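Take a look at this one; I'll ask things after.
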Amino acid sequence: MQRRSLLLTLAAAALLIGCGNSRMSLPAALTDSGQTDSQTPDSSKAESSDPDELVQLNGVTKLKSELSEDTLKWLDWYFTLPEENRNALSFIPNEFIESRGSVTMETDYENLPSYTQALTPEELSETEALARVYFAEGFDGIEEILLAKDDFFLYQNTGIEAEYAPGNIIIYMVLTGKDKAAGNPMRSVSIARKSKSDSWKVINSGF
């Protein structure tokens, strides 16, 4: 009986010694502070908007600080589009149009055709009404409408707007209810007629 007790005592002692020599190992990814490597603070996160960041569009490079807030919003939306959708857009922000030189004029600005003044107030009212009807369905109407400037590049758009002389064409920039809700920029709408005796119609529209 005493021999059996002695054997049990020796076995227990051996078990305790074995446990004492073993070490519990922590997972390799766990640091001394209890954080995993993936939990370490990220101090190198870049600023979301760097004014010195370069933006390139159609071969023209600009600093973000040179661009208007509307243009920056448009660019954010533009770069989310698939390439085929980008290529289908006709609208280009003015900051990129001027530098790109898509419209080369040998005359001063004062000698450019005055598209906006070539129409009477009645004709402007008539064309604006047509634009509002055009965007009434599917676009939730027009929130804002502005006359495009006389040097707006679409007036020189070969095959479409460029085929119409001042007095028979006008271009508006419009912000539709649908575009406003989606955060999209203003889009253009070109309204023209072949002659004074013809009716106005929308000939082009898009970003």
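Test Glu143 against the criterion of being in the same structural domain as Thr116 (by TED's automatic domain parsing) and surrounded by fewer than 16 Cβ atoms within 10 Å (Cβ to Cβ), and give yes or no.
Working: in the same structural domain as Thr116 (by TED's automatic domain parsing): yes; surrounded by fewer than 16 Cβ atoms within 10 Å (Cβ to Cβ): no.
Here the answer is no, as Glu143 does not meet what is asked.
Given the structure, is Leu57 in contact with a helix residue (DSSP H, G or I) (Cβ under 8 Å, 6 or more places away or on another chain), modelled with pLDDT of 70 or more, over 14 Å from Met186 (Cβ atoms) and not aromatic (Phe, Trp, Tyr)?
On the way: in contact with a helix residue (DSSP H, G or I) (Cβ under 8 Å, 6 or more places away or on another chain): yes; modelled with pLDDT of 70 or more: yes; over 14 Å from Met186 (Cβ atoms): yes; not aromatic (Phe, Trp, Tyr): yes.
Spelling it out, Leu57 is indeed in contact with a helix residue (DSSP H, G or I) (Cβ under 8 Å, 6 or more places away or on another chain), modelled with pLDDT of 70 or more, over 14 Å from Met186 (Cβ atoms) and not aromatic (Phe, Trp, Tyr).
The values are calculated or read from the model by the stated rules, or taken from the named source; none is laboratory data. What you see is a predicted model, and the numbers here were worked out from it, not measured in a lab. A quick note on method: Cβ atoms are made from the backbone with ideal geometry, for glycine too, and the neighbour counts reach across all protein chains shown.
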